[in-house]
Amino acid sequence: MLRRLSKNVKITLSILLIFIGIALISFTYFSGIKSNLFNYKNINLLEQEIVLPEPVEEIIEIDTTVPTEVVSTTVPTTTKKVSKKDSYIGYLEIPKIKVKRGFLSVDSKYNSVKYNVMLIKGSDMPDVKNGNLILAAHRGNSSVSFFENLYKLSNGDTAKITYNGKVYTYKLVDDYLVPKTGNITISRNADATTLTLITCTRYGNDTQTVFVFELDSVK
């Protein structure tokens, strides 16, 4: 009887040790996976610091127009040749919020948030692999507040860039706030081709919001 009981205890202990061994192996394995994923994410995180040459703010347009007498005059028309650098080199389209605006080269005098969606110096064009196209614009209710409704976007929403006859479609993957200092650190996946949009934060005077999109398709 005692011998049989001792044998059962040994079997139970053996089974228990086997389960403990399996648990330790599993814990080590999954801890390793978690560590590798953490390292991979951080190794592939790229931080790029840019300088905004002009403040991106909320602009409220107040109508101060006073009715005046209209005087008919004849003005001679002249044909003025538009400089190539003052022509749009690409177009931004965000279907969800009905935005479609062109942007100019960085050396155009009209490449400014005063007039357009501004192309930030240091940007890469969409055809640069793992590059980052950076655009900025005002928000508010003025005629140049092209990024007024960016806050309505959610992860997975799309933005399109038309450039050199191709349409690059991006999906929103992240958005975050940065202090309004004129210098912005953009955090993005170094292994992805990205589009970054910058505007002032809704209901926040001291911060700006950065929206990061990653390339999904090219047609």
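The values are calculated or read from the model by the stated rules, or taken from the named source; none is laboratory data. Not measured: the values here are computed from a predicted model. Note: ideal-geometry Cβ built from the backbone for every residue, glycine included; neighbour counts use all protein chains shown.
Below is a table of values for the structure above.
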| item | result |
| --- | --- |
| ASP86 being farther than 24 Å from GLN48 by Cα and either outside the structural domain of GLU214 (by TED's automatic domain parsing) or more than 16 Å from the chain's Cα centre (by Cα) (or both) | yes |
| Residues within the stretch 163-180 that are of a type in the set (A, V, I, L, M) and buried (at least 20 other Cβ atoms within 10 Å of the Cβ), tallied | 1 |
| Filtered residues of the stretch 87-145 (kept if of a type in the set (Phe, Trp, Tyr) and either in contact (Cβ under 8 Å) with a residue 40 or more places away in the chain or crowded, with 19+ Cβ neighbours inside 10 Å (or both)) | TYR91, PHE103 |
| All positions within the stretch 197-219 that are of a type in the set (Asp, Glu) and either in a strand (DSSP E or B) or closer than 11 Å to ASP174 by Cα (or both) | GLU214, ASP216 |
| Failed criterion for GLY90 (all others in (1) under 24 Å from ILE59 (Cα atoms); (2) at pLDDT 95 or above hold) | (1) |
| Test: residue in the stretch 170-190 that is closer than 10 Å to PHE213 by Cα, β-branched (Val, Ile, Thr) and in contact with a Leu (Cβ under 8 Å, 6 or more places away or on another chain) | no |
| Extreme residue, farthest from the chain's Cα centre (by Cα), among residues of the stretch 151-161 that are buried (at least 17 other Cβ atoms within 10 Å of the Cβ) and of a type outside the set (D, E, K, R) | ILE161 |
| Residue satisfying all of: in the stretch 181-200; surrounded by fewer than 18 Cβ atoms within 10 Å (Cβ to Cβ) and out of contact with any Phe, Trp or Tyr (no Cβ under 8 Å at 6 or more places or on another chain); farthest from VAL51 (Cα to Cα) among these | ASP191 |
| Filtered residues of the stretch 112-170 (kept if under 21 Å from GLU57 (Cβ atoms) and aromatic (Phe, Trp, Tyr)) | TYR115, PHE146, PHE147, TYR151 |
| The stretch 175-196 - residue that is part of a loop (DSSP other than H, G, I, E, B) and of a type in the set (Val, Ile, Thr) and, of those, farthest from the chain's Cα centre (by Cα) | THR181 |
